[in-house]
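Here is the structure we will look at, set down as structure tokens.
The values are calculated or read from the model by the stated rules, or taken from the named source; none is laboratory data. These figures come from a predicted structure and were not determined experimentally. Glycine also receives a Cβ, built like all others from the backbone with ideal geometry; neighbour counts cover every protein chain displayed. Surface accessibility is based on the protein's heavy atoms, side chains included, excluding ligands, DNA and RNA. Shrake-Rupley method; radii C 1.70, N 1.55, O 1.52, S 1.80 Å.
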Amino acid sequence: MELQGSVTMTASPEQVWQALNDPEVLRQCIPGCEEVQQISPEEMHACVLLRMGPVRARFAGKVKMTDVRPMQGYTLNFEGSGGSAGFARGSSVITLSASDGGTQLAYTAQASVAGKLGQIGGRLMDASARQLADKFFNNFKAHLSADEASAVATAPMGASIVGGAPVPATSAIARAG
């Protein structure tokens, strides 16, 4: 299975990077995710309840980050097991770049599956994977928008938002001048 796409977000590359590396944000944004644990700076473990076609199972897996380029991207190597439902293994390359008013996140993913998952069929598997990716990115964009809205709401009177963070008005004026 192969998947690729890109998403534009209104948040800065720094905000997107921080959110992509926050286990709690990931838990909230990954469809069916029950738990994400940070094992080390480069490794996370997760438990996700997934439904792909007629197969529904709880998957336990790990993700290792390699080729880490802070604020720019990394490669994710993942593997997970869903017991009798099967297992999946693969990798994904994530690239962040600044764009007008935000961040462009581009991704590619390749995965191989076995067991009941492998018997579903390529088209159904691809459609399910695309749907899961779309749900994740919609949740992720909503999370970033909510963070930005709360930063604006909590900014003191006479403050400005610079680079996604509240900044006192005097600092914003000094930066603008």
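Figures for the structure shown
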quantity: Overall Cα dimensions of the stretch 1-94 - principal axes, largest extent first, Å; calculated: 40, 28, 23
quantity: Solvent exposure, largest accessible area first (probe 1.4 Å, DNA, RNA and ligands not counted), of LYS135, LYS141; calculated: LYS135, LYS141
quantity: The stretch 1-44 versus the stretch 81-137: alpha-carbon centroid distance in Å; calculated: 13 Å
quantity: Table column - 3J(HN,Hα) (Hz), the stretch 73-89, Karplus curve with 6.51, -1.76, 1.60, x for Gly and Pro; calculated: x, 6, 10, 9, 10, 10, 8, x, 10, x, x, 5, 6, x, 9, 9, 8
quantity: Stretchable slack from ASP67 to ASP134, in nm (0.36 nm times residue separation minus alpha-carbon distance); calculated: 21.6 nm
quantity: Two-site label geometry, GLN37 and THR75: point separation in nm, points 7 Å out along Cα→Cβ; calculated: 2.7 nm
